[in-house]
Amino acid sequence: MNTAEKMRLANQLEKLGRGRHRSRFPAASDGDFEAVSAIAAKLERPQVAGLCRTGKADIDRAWQAVKHAKNPRIHTFIATSDIHIKYKLKMDRDQVVAAAVAAVRLCRAPTPITWSSRPRTAPARDRDFLCRVFEAAIAAGATTVNLPDTVGYAIPEEFGELVRYVIAHTPNIHQAVLSVHCHNDLGLATANTLAAIRAGARQAEVTINGIGERAGNTSLEEVVMALHTRPNFLPMETGIHTEQIYPTSRLVSMITGIIVQPNKAIVGRQRLCPRGRHPSGRGPQKPHDLRNHEA
């Protein structure tokens, strides 16, 4: 997407509901920096987060991109799996913890903004080290800690149990929001996310139409409508305007050129809701010409 397309989509996401927009890596390129800066300056209600690694240059670049936002946030991460620590970071565990703490403190330095720490590990082989990193990040000032399944390998029962373990064994977890981020390599991203929410997670990172690297990420529309229609199992509210899900899905499809499969849950063309209506409530489903779509 170019900057104009990203802005158009950001405006539609604001209609979708108050939430948090994680707007790419500002340090990745001048184009990414320009787009994040434009979105941050434009949006009124949502939080706008710049993603960055724990290095000072990344953090400074992210802050410069989001500092004009009404609700700015920095989302920083560091790998915590043994294979990443040894071969990618070339650190030991104590150095990883120190880097996480230093990044938190640096993120807090420009202004009292909120931010997230995102260890890249899942399902975690050493849960106690994961809890140690979370505890250190929260003690340093993290308001959200993110638990991802970045390889899309987890099973719902396994991921839910991991969330419960982290909550039970991170002494200061009550001082932060526990977030989850799931990939769909085994087709279980939505199931894993819902299992995590039932286990105590209170923030979910999702994407429209489930788009994302490899097999994609957790689908926003599937999680939102599961919570919306099954409050007896999942008594949570999202603040999402469900009538905006379908037009947002169509806009994403039009801009990216990634066509939604006809039988896709919630937003697919052949997915009939009660009385044969779109999730938007606008009437019977019929073929949709993306070329004439207006969000």
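The values are calculated or read from the model by the stated rules, or taken from the named source; none is laboratory data. Remember, it's a predicted structure, so these values are computed and weren't measured experimentally. Here Cβ is always computed from backbone atoms with ideal geometry, including for glycine, and neighbour counts include all displayed protein chains. Ligands, DNA and RNA are stripped out before the accessible areas are found, and what is left, the full protein with its side chains, is counted by its heavy atoms. Shrake-Rupley method; radii C 1.70, N 1.55, O 1.52, S 1.80 Å.
What residue among PHE233, GLN47, PHE25 has its Cα farthest toward the positive end of the dipole of the chain, where the charges are +1 on Lys, Arg and -1 on Asp, Glu, each on the Cβ?
So the residue we want is GLN47.
In percent, what relative contact order does the chain have, based on Cα pairs under 8 Å that are 6 or more apart in sequence? Before the final figure, lay out each step's value.
Numbers: 570 pairs, mean separation 35.0, N = 295.
Over the chain, the number comes to 12 percent.
Determine the distance separating the Cα centre of segment 158-228 from the Cα centre of segment 8-75; give it in Å without decimals.
Answer, in whole Å: 22.
Whole number in Å², please: accessible area per residue of the chain, 1.4 Å probe, ligands, DNA and RNA not counted. Can you show the working numbers first?
Working: 14130 Å² over 295 residues.
Each residue of the chain exposes 48 Å² on average to a 1.4 Å probe.
Which value in nm describes the separation of the simple spin-label points at GLN175 and GLU213, placed 7 Å from the Cα toward the beta carbon?
Using points 7 Å along Cα→Cβ, the separation is 3.1 nm.
Could you give the spread of the C-alpha atoms of the chain along their three principal axes, from largest to smallest, in whole angstroms?
58, 41, 32
Could you calculate the contour length gain from GLU161 to LEU186, that is, 0.36 nm times the residue separation minus the distance between their Cα atoms, to one decimal place in nm?
On the way: separation 25, 0.36 × 25 = 9.00 nm, distance 1.82 nm.
Here the answer is 7.2 nm.
At a Förster distance of 41 Å, what's the computed FRET efficiency of ARG127 paired with ALA4, Cβ-Cβ distance as r, to 0.05? Write down the numbers at each step before the final one.
Details: r = 45 Å, r/R0 = 1.09.
E(calc), rounded to 0.05, equals 0.40.
In debye to the nearest 20, how big a dipole does segment 177-262 give about its Cα centre with +1 on each Lys and Arg Cβ and -1 on each Asp and Glu Cβ?
Numbers: 5 positive and 7 negative charges, 24 e Å.
The dipole of segment 177-262 has a size of about 120 debye.
How large is the dipole of the chain about the Cα centre if only Lys and Arg carry +1 and Asp and Glu carry -1, each at its Cβ, rounded to the nearest 20 debye?
In total the dipole reaches around 560 debye.
Using only Cα atoms, what is the ratio of the radius of gyration of segment 141-198 to 2.2 N^0.38 Å? Don't skip to the end; give the middle numbers.
Working: Rg = 11.4 Å, N = 58, 2.2 N^0.38 = 10.3 Å.
It is 1.11.
Want the number for ASP94 to THR229: 0.36 nm per residue separation, take away the alpha-carbon distance, what's left?
Details: separation 135, 0.36 × 135 = 48.60 nm, distance 4.49 nm.
In short, 44.1 nm is gained.
Going 7 Å from the Cα of ALA265 toward and past its Cβ, which residues in segment 224-240 have a backbone nitrogen under 11 Å from where you end up?
224-227
Can you pull a Stokes-Einstein diffusion coefficient for segment 11-82 at 20 °C (1.002 mPa s), Rh from Kirkwood over Cα pairs, as a whole number of µm²/s? Can you show the working numbers first?
On the way: Rh = 12.1 Å.
The Stokes-Einstein estimate is 176 µm²/s.
Report the Rg/Rh value for segment 201-249, based on alpha-carbon coordinates and the Kirkwood definition of Rh. If you can, show how the numbers build up before the last one.
Values: Rg = 11.2 Å, Rh = 11.5 Å.
So for segment 201-249, dividing Rg by the Kirkwood Rh gives 0.98.
If you roll a 1.4 Å probe over the chain with all protein chains in place, what percent of the accessible area is carbon or sulfur? Walk me through the numbers on the way to the answer.
On the way: 7280 of 14130 Å².
Reported share for carbon and sulfur atoms: 52 percent.
Beyond 22 Å between alpha-carbons counts as too far, so tell me which of LYS42/LYS264; LYS67/LYS90; LYS6/LYS70; LYS67/LYS88; LYS56/LYS90 fall in that bin.
On the way: LYS42/LYS264 32 Å; LYS67/LYS90 32 Å; LYS6/LYS70 18 Å; LYS67/LYS88 30 Å; LYS56/LYS90 18 Å.
Exceeds cut-off: LYS42/LYS264; LYS67/LYS90; LYS67/LYS88.
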